[in-house]
Every structure is written in structure tokens, then in C-alpha cells.
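The values are calculated or read from the model by the stated rules, or taken from the named source; none is laboratory data. In this text, all values refer to a predicted model and were calculated from it rather than measured experimentally. Neighbour counts are summed over all protein chains in view; Cβ atoms, including those assigned to glycine, are modelled from backbone coordinates with ideal geometry. Just the protein is used for accessible areas: all its heavy atoms, side chains included, with ligands, DNA and RNA removed. Shrake-Rupley method; radii C 1.70, N 1.55, O 1.52, S 1.80 Å.
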Amino acid sequence: MSEPSSRVTKTIATMRGVRPTLLPSLLLCDFANLEREVRLLEEAGVECLHLDVMDGNFVPNLSYGMPIVAALRKVTDLMLDVHLMISDPNTYAPQFVDAGADLITFHIEALKQPSALLVELRSQGVAAGLAINPSTEMSLVSPFVGDCDLVLVMSVEAGFGGQAFNPIALSRLSELRKIYGADLLLEVDGGVNETTVGQCTANGADLLVVGSALFRQADYCQAMTRLRREMQN
Ligand code: DX5
Ligand code: ZN
């Protein structure tokens with residue numbers, strides 16, 4: 001693995017220090033009041049925000065891009081975890097570095113030879129990860145796990161919030177944990193809720209993305225407390 005910059009080392013140490021932790025996916029938040037949403041999440045004890053970037057090409061949905069990440073960077077010191085669901089991560093990932101991302105994950109389905117971009121991101125001070133959809137063979141990602149700070153195991157096909165959790169993620173998480181040990185950060189994304197969150201941590205997940213299970217609740221503090229309780233079980 002390439003030598004990471006000291007900023008990457010610090011980011012990884014921070015994320016290891018707080019694991020397991022819940023990462024709100026802002027896909028369903030109130031975009032007219034973004035700063036207020038961030039404050040509510042800070043009050044609920046969140047450590048890292050998960051930002052879903054969709055290009056309407058890699059996935060059949062469009063979300064937001066660099067300006068939202070840059071705007072968030074201005075109003076919070078929370079870690080920013082950018083999940084790129086885009087066809088051309090080589091072109092756009094560096095722009096998310098400039099926008100203030102701390103962690104950037106792109107999909108192996110979008111870039112079958114990801115090593116150069118992983119190295120570039122880490123040299124720019126950003127922790128780098130690969131994401132894999134449930135329908136993609138793990139053998140695609142395995143050769144590159146050693147180049148990653150984290151692996152994002154999708155528990156739904158990337159593209160939309162509110163989908164049902166696919167349990168294939170559980171065996172993938174435990175397999176990755178068994179092979180690569182405690183150093184590798186494991187993230188899970190899609191359908192994580194009070195019922196599934198405990199199974200994810202039991203199988204080795206460190207970073208647990210929550211969208212609808214949080215943003216469809218009126219009180220984020222209460223929702224986070226309930227999710228954290230189930231996460232520890
Ligand atoms: C799916 C996104 C997720 C998703 C999470 O493509 O990457 O982050 O919005 O939302 P829920 O928790 O509703 O599945
Ligand atoms: Zn995501």
C-alpha cells in the first residue's frame with residue numbers, strides 16, 4: 001500500500017477511534033435548511049456525514065455534487081465521507097478533494113483498475129475506499145483491498161434510499177474482516193435500520209450509513225439513541 005499523507009493517517013485514526021459509528025446519509029435531509037440539519041445531527045452526536053453523489057448515469061438517479069460538499073465544509077468540522085456513484089470517478093474525485101472531503105469512496109463497477117486513483121486520493125490527504133454493489137462478484141474488488149483505507153459493502157444496489165437490506169452484505173463484511181483484520185475500515189450502506197444495524201456490527205461493520213431510518217423520524221437525537229442501542233446489541 002502507498003504511504004498515506006499524515007492527514008489520511010489522522011482521518012483513519014479518528015474513524016477507528018469512534019467505530020462502530022452511524023453516518024447519516026443526507027440524501028433525504030431538508031436541503032432548504034442544510035445548516036440547520038447539520039446542527040441537529042451534531043447535537044445528536046454524529047461524527048461523520050455520508051454524502052451520496054449520483055450522476056444519473058452510473059445509477060438511474062441524480063443527487064448533488066461538489067457545491068453541496070463545499071457548502072457543508074464551510075459550516076461543520078464533522079468528517080465528510082463522500083460516496084461517489086458516478087461513471088467517471090477519475091475526472092471528478094479530485095474535485096471532491098478540493099471541496100473538502102475527508103474520505104472518498106468510488107465503485108469498482110465504475111473503475112475496474114482503481115489502484116492509481118486510490119493512490120492519488122491518499123496522496124492528496126483523503127482516505128480512499130472502494131464500494132461494491134450486492135450483485136457484483138467480490139473477486140472484482142479483492143485484488144485492490146490492500147490499496148484501500150476502507151471498503152464500502154453495499155447492502156442495496158446503489159441509487160436510491162429506502163430500499164430493503166440485502167443480507168449478502170453480512171457474509172461479505174465478516175469475510176472481509178476475517179481476511180484483512182481490524183485495520184481495514186468496513187462500511188455498510190443501504191437499508192440499515194433498527195432491525196439490521198445490530199447484525200451489521202456483529203459481522204464487522206465499523207461505519208454504518210443511515211438514511212431513511214433517521215430522516216423519516218421527527219427527532220434525530222431519539223432516533224440515533226435507538227439505533228445506537230440496537231447497534232451495540
Ligand atoms: C444508496 C445510498 C445510500 C442510501 C441510504 O444508493 O448510497 O446512502 O441513501 O439510505 P437508506 O438508509 O434509506 O437505505
Ligand atoms: Zn451511500
Among the residues of the range 157-180, are any within 16 Å of ligand 1 (Cβ to nearest atom), under 27 Å from Thr14 (Cα atoms), touching a strand residue (DSSP E or B) at 6+ places or on another chain (Cβ under 6 Å) and in a loop (DSSP other than H, G, I, E, B)? yes
Every residue in the range 205-230 that is more than 15 Å from the chain's Cα centre (by Cα), more than 11 Å from ligand 1 (Cβ to nearest atom) and either open to solvent by less than 10 Å² (accessible area, probe 1.4 Å) or within 16 Å of Ala131 (Cα to Cα) (or both), please. Ala223, Met224
Among the residues of the range 148-184, count how many are more than 15 Å from ligand 2 (Cβ to nearest atom) and either among the polar types (S, T, N, Q) or open to solvent by 40 Å² or more (accessible area, probe 1.4 Å) (or both). 12
Looking for something open to solvent by less than 50 Å² (accessible area, probe 1.4 Å) and farther than 20 Å from Ser6 by Cβ - is there at least one such residue anywhere in the range 119-129? no
Condition check for Ser139: over 18 Å from the mean Cα position of the chain (by Cα), part of a helix (DSSP H, G or I) and free of Cβ contacts under 8 Å to residues at least 24 places away in the same chain: yes
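Results for (1) within 27 Å of Ala93 (Cβ to Cβ); (2) in contact with a Ser or Thr (Cβ under 8 Å, 6 or more places away or on another chain); (3) polar (S, T, N, Q), shown as yes or no for each residue.
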site: Asp147; (1), (2), (3): yes, yes, no
site: Phe160; (1), (2), (3): yes, no, no
site: Ser174; (1), (2), (3): no, no, yes
site: Val197; (1), (2), (3): no, no, no
site: Ala205; (1), (2), (3): yes, no, no
site: Gly211; (1), (2), (3): yes, yes, no
site: Arg216; (1), (2), (3): no, no, no
site: Gln232; (1), (2), (3): no, yes, yes
Just a yes or no: is a residue in the range 180-195 aromatic (Phe, Trp, Tyr), within 17 Å of the chain's Cα centre (by Cα) and over 23 Å from Leu80 (Cα atoms)? no
Looking only at residues that are open to solvent by 60 Å² or more (accessible area, probe 1.4 Å) and part of a helix (DSSP H, G or I) in the range 186-204, which one is farthest from ligand 2 (Cβ to nearest atom)? Ala202
